[in-house]
């Protein structure tokens, strides 16, 4: 057997072992959603369940208001991702194809929002939200998630728009097209891949956020899903596992829906 082929086999074996280790917690979760609380606490974590307690755990999921938190988080994530994509596209188009002075300065001013650790935003925004009456409100969470997603989204769109020939815009302007028409009818159809990857990444970030959800909300009506899961505690671990699986479904569904655009759009994240 050739050395290159042996190396490839060893490499694939290592990747297979690492993949099994990576997905082992998922197997552990699915194994224990069928158990009762007593069976989970008294038995081994890796033993097969003796019965089927899934329906009882699903009822506990409903009574724990996790589904309500999921619907609220869906509002936050969709609004934040959509608004960030729209605003970032306008900003990126202006910084690449409009006659604006000091373009790089404005790019740095917008993009510097991703430079600092997110923890530095907690106290200033918390105090501002209390003064403005936005603390523990849905509109406050939507505004925050939209604003915090804009810098990275603008960075991705700017990379993509720089690769579009400016002569295309000039030709459209000669034909009488407005700047909005150029962006919506030329740039937007060409940007399916970066739009998909930006929307998916920002939706996932908003959905998985815990720190800001705990800090800026206090009631069940406004609390996002990750904050709700964190306060469920370990009183009933099988029910908590069911809630974790349910909370993972929206991002998984979105990923599979946008999977064909994911690989193409991923290239614009690192340029």
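Points worth noting:
- Breaking point among (1) exposed (fewer than 12 other Cβ atoms within 10 Å of the Cβ); (2) in a helix (DSSP H, G or I); (3) over 21 Å from the mean Cα position of the chain (by Cα); (4) at pLDDT below 90, for residue 105: (4)
- Listed conditions (1) closer than 24 Å to residue 90 by Cβ; (2) assigned to a helix (DSSP H, G or I) are all met by residue 124, apart from (1).
- Boolean, residue 73 is on the phi < 0 side of the Ramachandran plot, over 23 Å from the mean Cα position of the chain (by Cα) and in a helix (DSSP H, G or I): no
- Top-ranked residue of the stretch 228-239 - restricted to ones that are surrounded by fewer than 22 Cβ atoms within 10 Å (Cβ to Cβ) and modelled with pLDDT of 85 or more, ranked as nearest to residue 56 (Cα to Cα): 229
- The requirement of being surrounded by fewer than 13 Cβ atoms within 10 Å (Cβ to Cβ) and either modelled with pLDDT of 85 or more or not in a helix (DSSP H, G or I) (or both) is not satisfied by residue 194.
- Residues in the stretch 42-51 that are touching a helix residue (DSSP H, G or I) at 6+ places or on another chain (Cβ under 9 Å), closer than 19 Å to residue 25 by Cα and surrounded by 11 or more Cβ atoms within 10 Å (Cβ to Cβ) were compared, and the one that is modelled with the highest pLDDT is 49.
- Reported count of residues in the stretch 15-41, each being over 25 Å from the mean Cα position of the chain (by Cα) and surrounded by 15 or more Cβ atoms within 10 Å (Cβ to Cβ), is 9.
- Selected residue [surrounded by fewer than 19 Cβ atoms within 10 Å (Cβ to Cβ) and either more than 19 Å from residue 204 (Cα to Cα) or at pLDDT 90 or above (or both)] from 83, 78: 78
- Count of residues meeting criterion [more than 20 Å from the chain's Cα centre (by Cα), within 19 Å of residue 214 (Cα to Cα) and surrounded by 14 or more Cβ atoms within 10 Å (Cβ to Cβ)] in the stretch 127-165: 5
- Taking each residue of the stretch 152-173 that is free of Cβ contacts under 8 Å to residues at least 24 places away in the same chain and looking for partners that are in a helix (DSSP H, G or I) with beta-carbon atoms closer than 8 Å, six or more apart or interchain, yields 168/186; 172/181; 172/182; 172/186; 173/182.
- When we screen 86, 110 for residues that are out of contact with any helix residue (DSSP H, G or I) (no Cβ under 7 Å at 6 or more places or on another chain) and either in a helix (DSSP H, G or I) or within 25 Å of residue 247 (Cα to Cα) (or both), the only hit is 86.
The values are calculated or read from the model by the stated rules, or taken from the named source; none is laboratory data. Nothing here was measured: the structure is a model prediction, and the numbers come from that model. Using ideal geometry, Cβ is built from the backbone for each residue, glycine included, and neighbour counts are taken over all protein chains shown.
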